[in-house]
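Notes follow once the structure below has been shown.
The values are calculated or read from the model by the stated rules, or taken from the named source; none is laboratory data. The shown structure was predicted, so the numbers you read here are calculated from the model rather than taken from an experiment. In this analysis, Cβ positions are derived from the backbone assuming ideal geometry, glycine residues included, and neighbour counts consider all displayed protein chains. Side chains are part of the model used for accessible areas, which takes the heavy atoms of the whole protein and leaves out ligands, DNA and RNA. Shrake-Rupley method; radii C 1.70, N 1.55, O 1.52, S 1.80 Å.
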Amino acid sequence: MTRLVTVKVTVLVGGVGGAKFLQGARERFGSTPFPEATGDPGEHSVTAVVNVGDDAWMHGVRICPDLDTCMYTLGGGIDPERGWGRAGETWHAKEELAAYGADPDWFGLGDRDLATHLIRTQMLAAGYPLTEVTAALCNRWRPGVRLLPASDTRHETHVVIADDDGDRAGDAAGDGIRKRAIHFEEWWVRYRADVPTFGFAQVGSGPDGTGRAEATPAVLSAIEEADVVFLAPSNPIVSVGAVLSVGGIRGALRRTSAKVVGVSPVIGGAPLRGMADRCLDVVGLETSAQAIGAHFGARSGNGLLDGWLVAEEDADTAVDGVPVAAVPLLMTTPTHTAAMIDAGLELVGLA
Ligand code: FO1
């Protein structure tokens, strides 16, 4: 057993589930002020590598739902009922946009939240990378963990659905079904994932505007220099999966000397929250701790995991080459989540 005196923890996260997990990590490892996302993370430290697959342009501003959910949750500004956007929100701008008939009419930007998007959009237009923009926004919110976008370039999740208008796309797959691709937010928010769906694809570009999105140097060193890396119990396909599909991240996880611990996002065959089961269906994976653990795979093979934390209800889970521990997984309070994190450390011999 290795007892860590100082700990560098890196967590791959999405939105609501990821933010709750980070509250537990902050409780467990203490809050380290990170004035700058690119600054020295100090000794006890938690760094979050946050999904940017949900990021989108709406009404001319750049929305980063998962970064903002983490920032507002950890900074005390989240609306606790919705799990996204600001507490005490008003919707005057949304109403005015609707009065103009502006598109999209299915996505709500609150007045308080809009200020965040305006600052972000101005800074991006001035040439600041998203990592620095996020650090600047966090200067206000002081989340106590370092929030790093998985990439500084576009890496949006798009979704292939059936095209019932019939005249916008061809039948390239030759299966008799016309298809089109829409942004993930449209699929999730407008259609509630309830349309015939065929797959997900990342749409983006590399640092030079071509190729595919790459992880930032800050993300790669956060993974390579960590003592332990957690895959949060976020959506394994469109949150953690989208992070893993950023160029360089999978390789960094394979190389790091840190132990990599995954936390199951399903309990007894049902997702902890959200519509993870819809995404799993789309890619042909069963909604079970077993199937998701096997999907991530063992680091001793070609996969990513040194340990897989599942709910007590899933205690019979066995994943080839991966030690499994069953613990209470409900993140009801940061203290409960911190206990779950301790179980993860113990599983890989770090506590
Ligand atoms: N979710 C909704 O269901 N409806 C909305 O109008 C909406 C607006 C919105 C604005 C900013 C933001 O950061 C998040 C927002 N969300 C909204 C939540 C979010 O889009 C999704 O739940 C996630 O992207 C999925 O994790």
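Just tell me which lysines come within less than 19 Å, Cα to Cα, of LYS259; anything on the same chain fewer than 8 places away is out.
Of all the lysines, those that pass the test against LYS259 - Cα under 19 Å, at least 8 places apart if same chain - are LYS8.
Tally up the carbon and sulfur contribution to the accessible surface of segment 155-269 as a whole percent, 1.4 Å probe, everything protein left in place.
With neighbouring chains kept in place, the figure for segment 155-269 is 47 percent.
Determine the per residue accessible area of the chain with all protein chains present and a 1.4 angstrom probe, expressed in square angstrom.
42
Could you work out the relative contact order of segment 155-204? I mean the mean sequence separation of Cα pairs under 8 Å and 6+ apart, divided by the number of residues, in percent.
The normalised contact order for segment 155-204 reaches 54 percent.
Under a 5 Å amide H to amide H cut-off, with H placed in plane at 1.01 Å, what residues pair with PHE230 once short-range neighbours are removed?
THR10, VAL11, LEU12, VAL261
Counting helices only, and only those DSSP H runs with n ≥ 4, report the 222 nm mean residue ellipticity of the chain as the sum of -39,500 (n - 2.57) divided by its residues, in deg cm²/dmol to the nearest 500.
On the way: 11 runs with 109 residues, N = 351.
Computed mean residue ellipticity for the chain: -9000 deg cm²/dmol.
Whole Å is fine, so just give me how far the alpha carbon centre of segment 89-147 lies from that of segment 201-226.
First find each Cα centre; the distance between them is then 23 Å.
Among the lysines, which have Cα under 30 Å from the Cα of LYS94 when same-chain residues fewer than 8 positions away are ignored?
Within the straight-line cut-off, LYS94 pairs with LYS20.
Once neighbouring chains are kept in place and the probe is 1.4 Å, which whole percent of the accessible area of segment 57-105 is contributed by carbon and sulfur?
Exposed carbon and sulfur together represent 53 percent of the surface.
Counting other Cβ atoms within 10 Å, keep those with at most 14, restrict to DSSP loop, and tell me which trypsin sites (Lys or Arg not before Pro) in segment 259-317 are left.
Values: sites: LYS259, ARG273, ARG278, ARG299; in loops: ARG273, ARG299.
The qualifying sites: there are none.
Report the relative contact order of segment 152-292, percent, no decimals, based on alpha-carbon pairs under 8 angstrom and at least 6 residues apart.
Numbers: 225 pairs, mean separation 30.1, N = 141.
The normalised contact order for segment 152-292 reaches 21 percent.
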